[in-house]
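Novice: Sharing a structure below in structure tokens format, with a few things to ask.
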Protein chains: 2
Amino acid sequence: MERKNHTLHVFRDGRENFGEFKDSSNLLEYINNHTPFSLPAPCAGKGRCGKCRITVSSGEVTPLTEEEKKILSEKEIARGVRLACMTRPLSDIVLVMDGEKAGVGNKSAVITEKMEVHPFLHKDLYTLNGPHLHDQISDHSRMLSVAGTPVRHIPLSVLRQVPGALREGGYTITVCRDGDTALAVEPGDTREQCYGVAVDIGTTTVASYLIDLTTGKNLDVISALNAQEIYGADVISRINHTMTDADGLKKLQEKIIDQIDYMVRILADRNQINRERIYTVVIAGNTTMVHLVLGLPPKNIAAAPFISVTTEALTVPAGGLSLSIAPGGTVYTLPGVSGYVGADIVAAVLASGMAESGPLSLLIDIGTNGEIVLGNRDRLVCCSTAAGPAFEGAQIRNGVGGIAGAVNKVRMQDGIISFTTIQNTRPLGICGSGIVDLLSILIGYHIVEESGRMLSRGEAPEKTPKDLLDGMTTLDGEPAFLLVPEEGTDLGSPILLTQKDVREIQLAKAAIAAGIDTLVKKIGINLEDIEVLYLAGGFGSYLHKASAVAIGLLPWELHDRVHTLGNAAGKGAAMALLSLRAREKCEAIRRKAEYIELSSSPEFQDAYIERMFFSQENTKTHNIF
Amino acid sequence: MERKNHTLHVFRDGRENFGEFKDSSNLLEYINNHTPFSLPAPCAGKGRCGKCRITVSSGEVTPLTEEEKKILSEKEIARGVRLACMTRPLSDIVLVMDGEKAGVGNKSAVITEKMEVHPFLHKDLYTLNGPHLHDQISDHSRMLSVAGTPVRHIPLSVLRQVPGALREGGYTITVCRDGDTALAVEPGDTREQCYGVAVDIGTTTVASYLIDLTTGKNLDVISALNAQEIYGADVISRINHTMTDADGLKKLQEKIIDQIDYMVRILADRNQINRERIYTVVIAGNTTMVHLVLGLPPKNIAAAPFISVTTEALTVPAGGLSLSIAPGGTVYTLPGVSGYVGADIVAAVLASGMAESGPLSLLIDIGTNGEIVLGNRDRLVCCSTAAGPAFEGAQIRNGVGGIAGAVNKVRMQDGIISFTTIQNTRPLGICGSGIVDLLSILIGYHIVEESGRMLSRGEAPEKTPKDLLDGMTTLDGEPAFLLVPEEGTDLGSPILLTQKDVREIQLAKAAIAAGIDTLVKKIGINLEDIEVLYLAGGFGSYLHKASAVAIGLLPWELHDRVHTLGNAAGKGAAMALLSLRAREKCEAIRRKAEYIELSSSPEFQDAYIERMFFSQENTKTHNIF
């Protein structure tokens, strides 16, 4: 088929990106390689998973394929929905990425809590004497010789701006400095413009917060799927990609750098801020994500003994990472504890305040992995469980992330099963909180046994409500539960929870629960001694506590002490952006934290097997919340 | 005419570069834009100046043009010599750049004097414990926790190498550090491999010295025409290029960086050294050259009050300048004094030792500009004269640099005029030292008057030797002196010294002489009080002192105190590479030096007019030397 270089306009979140369609076999490849956006492709672009839906809003494209006819509903087809992996342009076209739109601002929101401002950046105003034939010292020497200036170092990237700033400002300039090092030299008085960006790089989601460094206010936030997603859903597949492709590390680094750079641009643009007035970017993320953004080889994290290149806090020039902020701007990566307890967890611990308080707290971040921290100001123990991305919808038949149309809540009341979707649109799939809700109901009504086996309709207990009974079906000869019939969705097939899905969740919840048990044992306490259970991360915010306790993901003993933190990693990064003291606290957390390697822990093995079962007892908490 | 993508192999100095001929209208453009080599093109590629001669040693090219037939001799044509600006390939071809070959090792040579070694780089050997499941700290933390290591900072570029080095070396590694910062982490014991490169960037010539940082020995040297030459012969045209072309600064920076990188590669390769064992590059050069290599805008150097962005010594990461040496390698630029007395002069003063001695010395560096320093350990005054590149052969009808075939010596003995050429090949043109020799003879025989007017043959004094009389001719109606008849060269036209050439030299020598007078007056001494006259730079080495005094370029009073330093800037850079104390001395020179701006000096104006004349008296020194 003929391939021409057509111009493509891609819209997402009201933002536009355009370019030429070339070197791409289809729109999926184009979007993932030539725009800052990304589309998931679990089926590797074979037209099977239906997750790369886009809407063609103008222009001509290749005809519908058989694969698309199987997956897309008639209504979708009428609306111009296509699978990006099956589509190529035949003219200049305009695309809208619908699914992504919902991602922005859904999981994350502006931080409203007051954050401590303890600035390490200073902006000073100077008026210098201009040069003449009897005063010919260089611009650089002139800057250093200003009476009383603490500036001793002007990096090359800043020096390049100095002659322009001096002359444009008529020798009145504002210098932004970190200690004795200049980050920017600006014409005129710009002291009121002093910004930074805090970034939480999750394996699945990236969130960036624009912060006013003077007031400490979080002005705006933007979040989106991690653009590296095309290289795999979890940390291990990304690491594998750096090992199997010679340019893999470079490509992964570029993807995330481009995405952060894009987010910084959007944040600056829509808040009418000059991006050169953004002086520092603070990054939190799991250890692999931090390696990838810094271009450090993460290879040794993937195999025992799981060694990272660094878990130290690093400050690097933003220019060296190709981030366009102030010419001498810096990127600060928060410290981590180990290969699997990263800077995001240190940030979350910082945000929770647990490392400074007397009572014992437990912090759980269920994301693509499940990290757990237990302790107080005296001691911190932590571990990471391979919970897998099941709670983020991966490896679940109809699983999706927190996008518009995701079933996020399932209820059973008066014998009637009901659900809601994100943005109340027609259901597209089921996200983590919906899965946990539905499973808790199935356990409560004995349709899923303690062993995790799903009953067939014939085996259903006598008093099973009709609504539940109606849902009991089979898929490929195995029991499954039908939540949304084919006609209730645009998918072209029903939304089901399968036996295999239950097994995935069962493994994941057992890992988390056993991790908690191991830490409790390590520190020599009982679950009851824990005064607060902090739930960090996007999933933690949307999870219904009763359902989580019901399926045994969270301990029954703590059902009344759960405190949701939201994006604690993002908040911690913002705190570190605003305060040197917060950075020192991160350093203290890093030093104090003892990492427990679960893969070599017999206690964990025992607890893992024990926690594999579901207990109907736990479902009674439904009544408490 | 058809343009195909043919493969070109370009040889220079026994080194090869190859690539595809594309985006180029002719071989001149190709060589200047797509290889690290460069060809001069004063006529801007119009086939008129004949300075872009190359030899096609295999393959087919476009036929000879009328322009080439006018300029190339039959012998040259037979040998495959072509003008690059008039030639395009018709097949894969192999080219040899003859003229350039001679440039290497001619003006510069290995430094044989012993240089002080006072190292600031240290290489330490460590053996670490490897990680296991109960010792999972990161490679970075492991490095920092080695007992007794002074290393506190490992830059990102070095960190990237750490996991590989640790594992390849079985946890035995050598760390190269500068203070508490690691420049490299290498597997095994590499303590004996510790190198640096000193570079002197002249406007015309670039010389790079490979130095063993342990022994202090200069192992090798390479020099070539500055690759920026295609953007103009002098500093001002290069600066203009940064102002008229939006990408001009970037292009000029790339040219010189590529050239240095290429030289470093050649030096490493031919001395069987791993270029990752080169840890630092020290750069001397005039202020504009230092700006261009650092990518600093030199605009304000070009116009009054002639302000440079920096004259401070700078240390920048080599990676940031795209120089491939050790991952954490640094580039150190020597400090300068002003826009027109640069780091090359500070280096030359360092090499001369004049700033540490009691007696007064005068240092003159005649290159594309003429810089002069007068003083001792108590006081230094300096200035720069717009001598122009006349002494380097530019703006002289048959002028050439110090290439093979350049007439470098002219003698008059027993009524017979004779000359030698560099490498004793057939004459191609006349270089600075030859011009000064010839002019001194013409002055001595009254063929050039005190005013600089050249006599016509009819006006020749009675006793003019026949050989001289025979040379007296005309060009375009003006007197000229014929040194080599057409049949004596391959040029297709004779080698002449014209009236216009004499005027160029006259202006240049007057500027130098008046600069000396101004400094002498400033410091309040007489010429006779000066104990040594140091001649720095390539031209200074080849200049015949008697001739220089004869034309009034050097003062008669110092004719018996001239000391030739050779490439003093290169030697000074090498000294700064080897010793922190030498760097401190440079700093002291920079601070002590008083720059005298000649453009606003009435003393200079007076002296300039006075020194414009030639004095036959001076030619008598010919008998003294």
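Novice: Which residue is surrounded by the fewest Cβ atoms within 10 Å (Cβ to Cβ), if the candidates are limited to segment A:328-337 and must be more than 19 Å from A:Gly179 (Cβ to Cβ) and within 12 Å of chain B (Cβ to nearest Cβ)?
Specialist: A:Pro335
Novice: Would you pick out the residues in segment A:368-408 that are under 26 Å from A:Ile422 (Cα atoms) and hydroxyl-bearing (Ser, Thr, Tyr)?
Specialist: Scanning segment A:368-408 gives a single hit, A:Thr368.
Novice: Would you please list the contacts, defined by Cβ atoms under 7 Å and residues six or more apart or on different chains, that run from a residue in segment B:593-620 that is under 18 Å from B:Gly375 (Cβ atoms) to a residue that is open to solvent by 20 Å² or more (accessible area, probe 1.4 Å) and assigned to a helix (DSSP H, G or I)?
Specialist: Taking only residues 6 or more apart or on different chains, the pairs are B:Ile596/B:Lys522; B:Leu598/B:Phe604; B:Glu603/B:Lys521.
Novice: If you go through segment A:274-309, how many residues are open to solvent by less than 10 Å² (accessible area, probe 1.4 Å) and facing chain B (nearest Cβ under 7 Å)?
Specialist: 6
Novice: Separate question: Select from segment B:509-560 the residues that are open to solvent by 20 Å² or more (accessible area, probe 1.4 Å), modelled with pLDDT of 95 or more and either within 22 Å of the chain's Cα centre (by Cα) or basic (Lys, Arg) (or both) and list them in ascending order.
Specialist: If the condition is that a residue be open to solvent by 20 Å² or more (accessible area, probe 1.4 Å), modelled with pLDDT of 95 or more and either within 22 Å of the chain's Cα centre (by Cα) or basic (Lys, Arg) (or both), then B:Lys521, B:Lys522, B:Tyr534 are the ones that fit.
Novice: Hey, another quick one. Any idea which residue in segment A:157-170 is surrounded by the most Cβ atoms within 10 Å (Cβ to Cβ), counting only those that are within 38 Å of the chain's Cα centre (by Cα) and farther than 28 Å from B:Ile596 by Cα?
Specialist: Looking at residues that are within 38 Å of the chain's Cα centre (by Cα) and farther than 28 Å from B:Ile596 by Cα, I get A:Val158.
Novice: Given the criterion part of a loop (DSSP other than H, G, I, E, B) and buried (at least 17 other Cβ atoms within 10 Å of the Cβ), identify the matching residue among B:Leu483, B:Leu491.
Specialist: Of the residues listed, the single one that is part of a loop (DSSP other than H, G, I, E, B) and buried (at least 17 other Cβ atoms within 10 Å of the Cβ) is B:Leu491.
Novice: Another question, then. Given the criteria away from chain B (no Cβ under 14 Å), open to solvent by 40 Å² or more (accessible area, probe 1.4 Å), in contact (Cβ under 8 Å) with a residue 24 or more places away in the chain and under 21 Å from A:Ser38 (Cβ atoms), does A:Asp247 qualify?
Specialist: Criteria not met by A:Asp247.
Novice: If I ask for residues that are more than 16 Å from A:Ile257 (Cα to Cα) and either without any contact (Cβ under 8 Å) to a residue 60 or more places away in the chain or under 13 Å from the mean Cα position of the chain (by Cα) (or both), which ones from segment A:270-286 would you list?
Specialist: A:Arg270, A:Gln272
Novice: Moving on. If you go through segment A:438-477, how many residues are under 29 Å from A:Lys75 (Cα atoms) and outside any loop (DSSP other than H, G, I, E, B)?
Specialist: 9
Novice: Quickly run through segment A:58-78 and pick out the residues that are under 22 Å from A:His6 (Cα atoms) and either open to solvent by 70 Å² or more (accessible area, probe 1.4 Å) or touching a residue at least 60 places away in the same chain (Cβ under 8 Å) (or both).
Specialist: A:Glu60, A:Thr62, A:Pro63
Yes/no matrix, rows are residues, columns are (1) open to solvent by 10 Å² or more (accessible area, probe 1.4 Å); (2) assigned to a loop (DSSP other than H, G, I, E, B); (3) within 14 Å of chain A (Cβ to nearest Cβ):
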position	(1), (2), (3)
B:Ala326	no, yes, no
B:Asp344	yes, no, no
B:Val349	no, no, no
B:Asp365	yes, no, no
B:Cys382	no, no, yes
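Novice: Taking into account only those residues within segment B:1-51 that are outside any strand (DSSP E or B), touching a strand residue (DSSP E or B) at 6+ places or on another chain (Cβ under 6 Å) and of a type in the set (A, V, I, L, M, F, W, C), which is modelled with the lowest pLDDT?
Specialist: Checked segment B:1-51; the qualifying residue modelled with the lowest pLDDT is B:Phe37.
Novice: Of the conditions (1) within 15 Å of B:Leu578 (Cα to Cα); (2) more than 13 Å from the chain's Cα centre (by Cα), B:Val199 fails just one. Which one is it?
Specialist: (2)
Novice: Related question: What are the residues in segment B:595-610 that are within 14 Å of another protein chain (Cβ to nearest Cβ) and open to solvent by less than 60 Å² (accessible area, probe 1.4 Å), if any?
Specialist: B:Tyr595, B:Ile596, B:Glu597, B:Leu598, B:Ser600, B:Ser601, B:Phe604 - these are the residues of segment B:595-610 that are within 14 Å of another protein chain (Cβ to nearest Cβ) and open to solvent by less than 60 Å² (accessible area, probe 1.4 Å).
Novice: In segment A:120-153, how many residues are within 22 Å of A:Leu580 (Cβ to Cβ) and among the aliphatic types (A, V, I, L, M)?
Specialist: Residues in segment A:120-153 being within 22 Å of A:Leu580 (Cβ to Cβ) and among the aliphatic types (A, V, I, L, M): 2 in total.
Novice: So which residues in segment B:252-284 are in contact with a Pro (Cβ under 9 Å, 6 or more places away or on another chain) and acidic (Asp, Glu), if there are any at all?
Specialist: B:Asp258, B:Asp261, B:Glu276
Novice: Taking A:Lys114 as the residue in question, decide whether it is in a strand (DSSP E or B) and modelled with pLDDT of 85 or more.
Specialist: So A:Lys114 does not fit the description; no.
Novice: Which number in (1) out of contact with any Phe, Trp or Tyr (no Cβ under 8 Å at 6 or more places or on another chain); (2) of a type in the set (Gly, Ala, Ser); (3) surrounded by fewer than 17 Cβ atoms within 10 Å (Cβ to Cβ) marks the one condition that B:Gly429 misses?
Specialist: Going through (1) out of contact with any Phe, Trp or Tyr (no Cβ under 8 Å at 6 or more places or on another chain); (2) of a type in the set (Gly, Ala, Ser); (3) surrounded by fewer than 17 Cβ atoms within 10 Å (Cβ to Cβ) one by one, B:Gly429 breaks only (3).
Novice: Would you mind finding the one in A:Ala165, A:Ala233 that is within 14 Å of another protein chain (Cβ to nearest Cβ) and touching a Pro at 6+ places or on another chain (Cβ under 9 Å)?
Specialist: Within the list A:Ala165, A:Ala233, the selection yields A:Ala165.
Novice: For residues that are in a loop (DSSP other than H, G, I, E, B) and open to solvent by less than 30 Å² (accessible area, probe 1.4 Å), scanning just segment B:117-129, find the one that is farthest from the other protein chains (Cβ to nearest Cβ).
Specialist: B:Phe120
Novice: While we're here: For segment B:131-156, how many residues meet the condition of being open to solvent by less than 20 Å² (accessible area, probe 1.4 Å), in a loop (DSSP other than H, G, I, E, B) and free of Cβ contacts under 8 Å to residues at least 24 places away in the same chain?
Specialist: 1
Novice: Follow-up question, since we're still on this one. In the list A:Leu267, A:Leu252, A:Leu321, which residue meets the criterion of being in contact (Cβ under 8 Å) with a residue 40 or more places away in the chain and buried (at least 24 other Cβ atoms within 10 Å of the Cβ)?
Specialist: A:Leu252
The values are calculated or read from the model by the stated rules, or taken from the named source; none is laboratory data. This one's a predicted model, so the numbers in the text were calculated from it and none came from an experiment. With ideal geometry, Cβ positions are generated from the backbone for all residues, glycine too; neighbour counts draw on all protein chains shown. Calculation scope for accessible area: heavy atoms of the full protein, side chains included, ligands and nucleic acids excluded. Shrake-Rupley method; radii C 1.70, N 1.55, O 1.52, S 1.80 Å.
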